[in-house]
Amino acid sequence: MRLCESHNTGMKDFSSNFFDVLSSYNWPGNVRELHSTLEWVMAQTINEPTLFQKHLPSRIRIQVARSSFGDQAQNGASPETEDN
């Protein structure tokens, strides 16, 4: 990955939840916002071997969580009934 090379880090592993959040986010800024976000993540996690959703900016995690909650409400499910 070019970002790893540009930050002089070894290749990083990615958790599935990292990609789940990335793919669920709307990306209103398109590729530029994605690239900027990944640059930010790389700078913040220079010594981390694996990237998790917690490494993404909170604004992205919050929007994805809110969207997920909205999807549950539209489907008539609530967080309490979904676990049962």
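Read-outs throughout are calculated quantities, based only on the coordinates presented, and are distinct from any laboratory measurement. Not measured: the values here are computed from a predicted model. Heads up, the Cβs are rebuilt from the backbone with ideal geometry, glycines too, and the neighbour counts pull from every protein chain shown.
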Q | Those trypsin sites (Lys or Arg not before Pro) in segment 1-70 that DSSP places in a loop and that have at most 12 other beta carbons within 10 Å | A | none
Q | In nm, spacing of pseudo-spin labels at residue 52 and residue 31 (7 Å Cα→C-beta vector) | A | 3.2
(Q) Which residues does the label zone of residue 61 cover in segment 1-22, counting backbone N under 12 Å from a point 7 Å along Cα→Cβ? (A) 18, 21
